[in-house]
Amino acid sequence: MASLVSVRQKVVRAKEHLQALEAEALRYFAHQPGEVVAEEEPETYRIVLKFNAKTPVPVSFPLILGDSIQNLRSSLDYLVWELVLAANATPDNQNMFPICGTQEAFQSQIARHRLRGVSVDAVAEVERLQPYHYGQRWETSPIQVLDTFCNINKHRRLLLTVLAAHAARTEFLSSESGHHVHSTLSPSYDGAEVAVSPKPSRAGEIMEVKGKCFLFITFDERPAKGIEVSSCLFQLWNFVDKVVVPKFERFFA
């Protein structure tokens, strides 16, 4: 009998991996894996602040991440299998949930019988979820990010993640030149400059430095390079659980 039970089980399992990922991140950050260090430029005597990633992201992190993504992606294929059963047809190994960047590619997948046996109305719902409806942003649409990362994880290598400093804000208080603020929102990776002080106006000038930044584990490859891993994964999970699956509930009523 057709149902969404197996689909939802896959989605629940993906969330369990997400929770495990968050617990792993807490253990990692408890040991203060990154710091901002100050250096003096010999020629200018300016103070240069650089981000130093002392401890690499544990290999367990991309492993758990990959497991969660695989469960989310396979839940979509499970969905197609159940949709075929719901239409009183027999699914086979050609069936899968197509994810395509162009309408022509989607039609090609239809010709390869990816949705054979699925009702016309359900096929229309699958088509409306395709990345090409996002226009020029299709590569960063949730369903395309999910598919891209799944293919990387399944066929090429572990997904690349790295520690980065975000939203850095530094204040330089000088006894001669006053108050200067340097801020940046873009991620800074190991060895990158976070801030640079003004050039001292004279020898012996006193400069006080205050600052803060947030450390995150981010993706280090497209299409989500520089985006914090847990929030990105939660968005993908939320998209499948709250957007995709509910669209097909009516076919199992």
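Highest mobility in the GNM of the chain, judged by mean-square fluctuation with C-alpha springs under 10 Å and restricted to Leu233, Leu173, Leu83, is found for Leu173.
Scattering from the C-alpha atoms of the range 101-158 alone, worked out with Debye: what is log10 I(q)/I(0) at q = 0.13, 0.21, 0.25, 0.29 1/Å? Debye output, listed in q order: -0.39, -0.90, -1.07, -1.14.
The three principal axes of the C-alpha atoms in the range 136-253 carry coordinate ranges of 77, 32, 25 Å, sorted with the longest axis first. By the gyration tensor of its Cα atoms, with a ≥ b ≥ c the square roots of the eigenvalues, what is the shape of the chain: rounded for a/c under 1.5, prolate for a/b over b/c, or oblate? Prolate is the answer for the chain, as a/c is 1.5 or above and a/b outweighs b/c. For the range 96-203, the C-alpha radius of gyration divided by 2.2 N^0.38 Å, with N the number of residues, is 1.88.
Pairs of Lys residues in the range 101-253 that lie 8 or more places apart, or on two chains, and have C-alpha atoms under 29 angstrom apart add up to 8. For Gly226, the shell of other residues with beta-carbons less than 15 Å away shows a net charge of -3, using +1 for Lys and Arg and -1 for Asp and Glu. Taking the square roots of five times each eigenvalue of the Cα gyration tensor of the range 1-146, the equivalent ellipsoid has semi-axes of 45, 21, 10 Å, listed largest first.
No value in this document is a laboratory result; all are computed from the given coordinates. Since this is a predicted model, take the numbers as computed values, not measurements. Every residue, glycine as well, gets a Cβ built from its backbone with ideal geometry; the counts of neighbours run over all protein chains shown.
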